[in-house]
Structure formats: C-alpha cells, structure tokens
1. List the extent of the Cα atoms of the chain along each of their three principal axes, largest first, rounded to whole Å.
2. Relative contact order for region 2-103 using alpha-carbon pairs under 8 Å, separation at least 6, rounded to a whole percent?
3. Compare the Cα positions of 6, 50, 17 along the charge dipole of the chain (+1 at Cβ of Lys, Arg; -1 at Cβ of Asp, Glu; about the Cα centre) and return the one farthest towards the positive end.
4. Whole-Hz ³J(HN,Hα) for each residue in region 17-24, computed from phi via Karplus 6.51 cos²θ - 1.76 cosθ + 1.60 with θ = phi - 60°, x for glycine and proline: what do you get?
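Nothing in this text is a laboratory measurement; each read-out follows from the coordinates by a stated rule. All values derive from a computational prediction rather than experimental measurement. Here the Cβ positions follow ideal geometry from the backbone for every residue, glycine too, while neighbour counts run over all protein chains shown.
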Amino acid sequence: MVHNFLHVFVLALAVWIFYREDWKNSFLLLMLTMIVDLDHLFANPFFDPQRCSIGFHPLHTEAATSLYALMLLHRKFRIFGLGLLIHMSLDGLDCAWMASMSTNK
C-alpha cells in the first residue's frame, strides 16, 4: 500500500517541481506511465508481494530502463522518460527494502 502511495506522491512532487504551469496535463501524462505495470499480467502468479519487479518483468529490465533514460533526451518524450525512471527507481527501492527485510530475519 505504501509502495502504491509513493508512486502517486512522487509523481505529484515531480509535477510540482518541474511542471507547475501545466500541472493537470503533466500529472495525467506521468500517471499514464504506470501502464508499464501491465507487464505484470504475464507473470505467474500475477501478484507476488515478495517478488522484485526489477529484472523480472519485461518492461522492468536494465535494457528497458536504459531506453527510458534515452527518452529524456527528446523533448517530446521527456515527461514519459521521467515518469518511467521514477517508476523504476521506486520499484528498485522496494526491491532493496524487501531484500533488507529478508536479511534482517
């Protein structure tokens, strides 16, 4: 639950910092980057709270993340690249948190 809240909160914070002038449209475009999680539909089981998304799902790989970073270079795709990199960063943070919780037991 906290993880999902962070996705919305951090995107809203990015809009407040970088896109205040056109915040409604910018927030909508950043929220659209959440579509990247559709690759979870191909996982079996569909949802596993103990699974790290990074490196497991096709749109959460290093290659995909590199492509998202390249999107920052083109003005037209910059907002999508930003949203996707924020998404990957938060998912990576979640993976690190899960790993630390499993080693602390």
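1. Each principal axis gives a Cα extent; for the chain these are 46, 25, 21 Å.
2. Working: 84 pairs, mean separation 30.8, N = 102.
Once normalised by length, the contact order is 30 percent.
3. 17
4. 7, 9, 10, 4, 4, 10, 5, 5
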